[in-house]
Amino acid sequence: MQDAIAKPKSSKLLYWLLLVVLVIFSLATLFPFLWMISASLRTDVDLFKNPMNWIPQTLYLNNYKEVWTAIPFAQYFLNTVKLSVIITVLQVVICSMSAYAFAKLKVPFKNTIFILFMTNLMMPWHSIMVPQFSVVSSLGLYNSHTGYILIQLFSGFGIFLMRQFFMSLPNELNEAARVDGYNEWKIFWKIMMPLSAASLSTLTIFTFTFMWNDYLAPLIYLNDDVLKTLQLGLKGFQTEHTMDYGLLMAGTVIATIPMVVVFLIGERFFMQSVATTGMKN
Amino acid sequence: MTSKRLANYKSYIPGTLFILPAFVLFAVFIFVPLIYGFVMSFTDYGGFNVTPNFIGIDNYVNLFQDDYFLVSLKNNLIYTVLFVPLTMILALFAALALNNVLHLRKYLRMAFYFPYITSMVSIAIAWGLLFNPVSGPINYILKAIGIANPPEWLMSSHWALFAIILVAVWKSFGYYMIILLAGIQGIPEHLYEAAKLDGANKFKQFLYVTLPSLSPTLFMVLILTIINSFQVFDLVSVMTDGGPGRSTNVLVFRIYQEAFINYRMGYAAAMSTVLFLIIMVISLIQFRLEKKWVTY
């Protein structure tokens with residue numbers, strides 16, 4: 001890597017060429033987002049008349065006002081925040097608890113249960129969504145936030161990630177705490193959880209992003225308008241207002257902003273969670 | 001003796017309690033549905049409170065005479081065959097390039113990864129507008145550079161699936177790029193130094209050091225992309241709704257339609273079993289081949 005500096009001219013030229021290609025490629029990757037923002041800030045008349053003027057002459061902010069009244073956007077937004085936060089918190093706690101047991105405690109049939117749990121990593125949710133729907137319906141939880149929350153709380157990935165971390169901690173830590181009169185519950189909350197801040201952040205960000213963007217499960221489980229999430233709202237909005245480009249794009253931009261914020265704050269943890277996937281084997 | 005056994009039992013209590021919530025959730029919402037779905041696939045269950053009838057393997061027999069299902073399976077295979085190599089090539093190129101670049105590294109990594117964290121629905125809506133044959137910028141550009149009759153994209157039964165594949169590749173290559181980048185950076189430096197001592201140029205280093213060392217990661221990305229390609233739903237649902245005609249109908253979309261629009265739950269459960277088997281076969285192949293194919 002360092003020898004890029006001390007290289008002959010031809011390879012230096014090659015280096016800059018590669019960089020230029022990469023920058024062009026990155027702009028092409030980001031183009032749909034730039035176009036989204038641009039379209040949301042223009043009137044549809046302007047958009048259709050001058051499709052190539054991507055930088056708006058005058059900022060037209062009306063789309064951002066109108067989108068909140070055209071559909072119950074605020075309701076969708078609140079539902080999404082509520083569901084994403086509740087699911088993320090509960091899933092992280094439940095997964096960490098069982099991961100701690102797998103790593104440090106005595107559990108009957110520990111290996112069998114762990115292997116059973118890990119089949120969840122290979123088996124796509126889509127292949128059980130039909131019978132799962134029947135089970136949830138027969139519990140009377142169809143068309144409720146409770147039903148949707150319950151199906152999302154178990155995560156094989158979460159348990160795997162946290163178990164890996166807990167196993168890296170020395171057993172002496174637990175033994176010392178037990179000598180000091182700590183029970184397992186206290187050890188878990190006072191010692192284990194604070195130590196695993198990095199892994200917890202990784203899992204939190206991973207789960208939150210997934211829940212915020214989830215579409216198929218809410219589509220199946222949430223029927224009433226008051227229960228719907230942003231993704232469902234946007235899809236419904238698209239069906240009704242096929243040609244209201246500006247309005248549609250304002251909606252998608254607002255729905256994307258929280259993810260951008262989360263991404264910028266937790267970029268490090270994002271990369272870590274992906275790299276962990278790479279180490280799964 | 002009894003007190004010893006009691007103490008032994010007691011030592012299991014905390015661990016059992018810690019695992020209990022996850023265990024109950026797993027049992028009720030994953031394990032029971034898995035078994036139930038298999039049973040359901042031998043019935044004519046139609047949802048609601050109608051008592052299902054046991055119909056043996058009829059669902060499975062019908063499945064392989066059902067044009068609609070076979071078309072969705074065929075479309076899904078086309079999707080897999082194009083999505084997997086395109087994504088892998090792009091991801092590998094981006095990862096290798098990023099590994100050799102010192103400037104703008106952080107920006108480039110984020111730019112390529114960014115589409116992955118945005119919602120499928122948002123980007124599917126945006127791409128739907130971009131692909132609009134009349135008013136969208138893509139065909140505007142194509143016309144401007146001299147292509148008189150650009151494809152009608154999502155409105156054409158020839159191009160719609162291809163357009164969806166393009167968006168899927170764009171959306172996910174950054175994710176696999178990060179995995180590959182982590183793999184490349186994990187290759188020990190001394191291997192390159194040894195290769196350099198032997199007079200290997202950059203290309204030969206790539207061929208004889210990077211590629212073999214990266215093969216476990218590449219193999220895993222291959223499996224991940226294949227499995228991923230059998231789960232495509234959001235893009236189809238938002239961009240084309242399976243159309244025009246049946247041209248973009250894929251496996252999960254077909255399952256969704258049968259189960260939740262036509263209420264043929266038993267039939268949809270049989271389709272789900274097929275999906276399950278496809279994924280299991282891929283996973284088994286992974287298990288078997290991992291040791292043979294991968295050179296460490």
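Binning the C-alpha pair distances of region A:8-157 at 5 Å intervals from 0 yields a P(r) profile of 2, 7, 9, 9, 10, 9, 9, 10, 11, 10, 7, 4, 2, 1, 0 %, listed from the shortest bin outward. When the P(r) is computed for chain B, the part past 31 Å accounts for 49% of the Cα-Cα pairs.
Report the calculated FRET efficiency for A:Leu139 and B:Phe219 (r = Cβ-Cβ distance, R0 = 35 Å), to the nearest 0.05.
FRET efficiency, A:Leu139 to B:Phe219: 0.30.
Along region B:99-106 the Karplus relation, 6.51 cos²θ - 1.76 cosθ + 1.60 evaluated at θ = phi - 60°, assigns HN-Hα couplings of 5, 9, 10, 9, 8, 6, 4, 5 Hz to successive residues, with x for each Gly and Pro.
Set the Förster distance to 25 Å, then compute FRET efficiency between B:Glu290 and A:Ser168 from the Cβ-Cβ distance, nearest 0.05.
0.55
Using only the C-alpha atoms, the convex hull of region A:97-238 corresponds to 146 Å³ per residue. Estimated purely from DSSP H runs of n ≥ 4, each contributing -39500 (n - 2.57), the mean residue ellipticity at 222 nm for chain A is -23000 deg cm²/dmol once divided by its residues.
For region A:35-137, calculate the relative contact order in percent as a whole number, restricting contacts to Cα pairs under 8 Å that are 6 or more residues apart.
Contact order relative to length: 15 percent.
Our coupling estimate for region B:131-140, obtained by passing each phi through the Karplus curve with A = 6.51, B = -1.76, C = 1.60 and θ = phi - 60°, is 7, 3, x, 8, 10, x, x, 5, 5, 4 Hz, Gly and Pro reported as x.
Its Cα gyration tensor gives region B:42-164 an equivalent ellipsoid; the semi-axes, largest first and in whole Å, are 40, 23, 16. Cα convex hull, region B:1-51: 130 Å³ per residue, rounded to a whole number.
Simple point charges give the picture: +1 on the Cβ of Lys and Arg, -1 on the Cβ of Asp and Glu, and for chain A a dipole about the Cα centre of about 760 debye. Calculated on C-alpha atoms, the gyration radius of region A:162-252 divided by its Kirkwood radius gives an Rg/Rh of 1.30. Once the partner protein chains are put back, region A:256-272 shows a loss of at least 40 square angstrom of accessible area, versus the chain by itself, at A:Phe263, A:Glu267, A:Met271 (probe 1.4 Å, ligands and nucleic acids excluded).
Rounded to a whole number, what % of the accessible area of the protein assembly as shown do carbon and sulfur atoms account for, probe 1.4 Å?
68 percent
Of the residues making up region A:209-229, those losing 30 Å² or more of accessible area when the isolated chain is joined by the remaining protein chains, with a 1.4 Å probe, are A:Asn213, A:Tyr215, A:Leu216, A:Leu219, A:Ile220. Divided by 2.2 N^0.38 Å, where N counts the residues, the Cα radius of gyration of region B:142-296 comes to 1.43.
Take every pair of alpha-carbon atoms less than 8 Å apart whose residues are at least six positions apart; their mean separation over the length of chain A yields a relative contact order of 31 percent. Surface analysis of region A:51-202 yields an accessible area of 46 Å² per residue, using protein heavy atoms and a 1.4 Å probe. Close Lys pairs in chain B, defined as Cα atoms under 27 Å apart and 8 or more places apart or on different chains, number 7. Scalar couplings 3J(HN,Hα) for region B:218-229, obtained by applying the Karplus form with A = 6.51, B = -1.76, C = 1.60 to θ = phi - 60°, are 4, 5, 5, 4, 4, 5, 4, 5, 5, 4, 4, 6 Hz; x denotes Gly and Pro. Please name which of A:Pro72, A:Cys95, B:Thr273 has its Cα lying farthest along the dipole of the protein assembly as shown towards the positive end, using unit charges on Cβ (Lys, Arg +1; Asp, Glu -1) and the Cα centre as origin. Most positive-ward Cα: A:Cys95.
Whole-percent P(r), region B:14-84, all Cα pairs, 10 Å bins from 0: 16, 25, 28, 21, 9, 1.
Find the lysine pairs in chain A meeting two conditions, Cα atoms under 24 Å apart and a separation of 8 or more places or different chains, and report how many there are. Total qualifying Lys-Lys pairs in chain A comes to 13. Shape class for chain A, computed from the alpha carbon gyration tensor (a ≥ b ≥ c): oblate, with a/c not under 1.5 and a/b at or below b/c. In percent, rounded to a whole number, the relative contact order of region A:172-269 is 29, using alpha-carbon pairs under 8 Å and six or more apart. For chain A, leaving out every one of the trypsin sites (Lys or Arg not before Pro) that falls in a DSSP loop and has at most 14 other Cβ atoms within 10 Å, the longest unbroken run is A:107-279. Each principal axis of the Cα atoms in region B:63-107 has its own extent, and those three values, largest first, are 57, 16, 10 angstrom. Overall, the protein assembly as shown carries a charge dipole of about 1620 debye about its Cα centre when +1 sits on the Cβ of Lys and Arg and -1 on the Cβ of Asp and Glu, all other atoms neutral.
Placing a label point 7 Å from the Cα of A:Tyr64 along the Cα-to-Cβ direction, the residues of region B:100-131 whose backbone N falls under 20 Å from that point are B:119, B:122-123, B:126.
Residues whose amide H comes within less than 5 Å of that of B:Thr43, counting only those at least five positions distant or on another chain, are B:Ile55 (H built at 1.01 Å from N in the peptide plane).
Normalised per residue, the accessible area of region B:40-178 is 44 Å², obtained with a 1.4 Å probe and no contribution from ligands, DNA or RNA.
Buried between B and A is an accessible area of approximately 8400 Å², summed over both sides with a 1.4 Å probe. For the protein assembly as shown, the average shadow cast by the Cα convex hull is 33.0 nm², which is a quarter of the hull's surface. Across the alpha-carbon set of region A:147-200, the Rg to Rh ratio works out to 1.08, Rh being the Kirkwood radius.
The values are calculated or read from the model by the stated rules, or taken from the named source; none is laboratory data. All figures in this text were calculated on a predicted structure; none of them were measured in a lab. Virtual Cβ from ideal backbone geometry, glycine too; neighbours counted across all protein chains shown. Side chains included, ligands, DNA and RNA excluded: accessible areas come from the protein's heavy atoms. Shrake-Rupley method; radii C 1.70, N 1.55, O 1.52, S 1.80 Å.
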